[in-house]
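Presented below is the structure to which this report refers.
The values are calculated or read from the model by the stated rules, or taken from the named source; none is laboratory data. Predicted, not measured: the structure shown is a model, and the values here were computed from it. Don't worry about glycine lacking a Cβ; one is built from the backbone with ideal geometry, like all the others, and counts go over all protein chains shown.
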Amino acid sequence: MEGRERVRHFAAEAGRDLTGFGWELTANRSSTPAEMAGMVERWAEEGGTHFSVGTMRNGLTTVDQHIDFITDVARRIGLAT
């Protein structure tokens, strides 16, 4: 059972309403900024409300590289200029 479906299942079992419930995805797999931006867009289309960009598996070696990666993703999804 996928994570979201598990939450829905147990919430229904407990009689809990998920209206207004936030859905977060933390992406920790190796990818390019373009791939990550596409993942963010698909997540939002499926009702996702929050997204964390992980950079640790991308071969980046400096703090600036990590910041640049995140900034690139943010630009691609319209959160930065």
Hey, GLY47 under 17 Å from the mean Cα position of the chain (by Cα), on the phi > 0 side of the Ramachandran plot, of a type outside the set (A, V, I, L, M, F, W, C) and modelled with pLDDT under 95 or not: yes
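Quick one: is VAL40 part of a helix (DSSP H, G or I), surrounded by 13 or more Cβ atoms within 10 Å (Cβ to Cβ), out of contact with any helix residue (DSSP H, G or I) (no Cβ under 6 Å at 6 or more places or on another chain) and modelled with pLDDT under 90?
Answer is no for this residue.
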All positions within segment 7-37 that are modelled with pLDDT under 90 and in a helix (DSSP H, G or I): VAL7, ARG8
Restricting segment 43-81 to residues that are surrounded by 13 or more Cβ atoms within 10 Å (Cβ to Cβ) and among the charged types (D, E, K, R), the residue that is nearest to ARG8 (Cα to Cα): ARG76
When residues of segment 5-27 are limited to those that are touching a Gly at 6+ places or on another chain (Cβ under 8 Å) and surrounded by fewer than 12 Cβ atoms within 10 Å (Cβ to Cβ), the one nearest to HIS66 (Cα to Cα): THR26
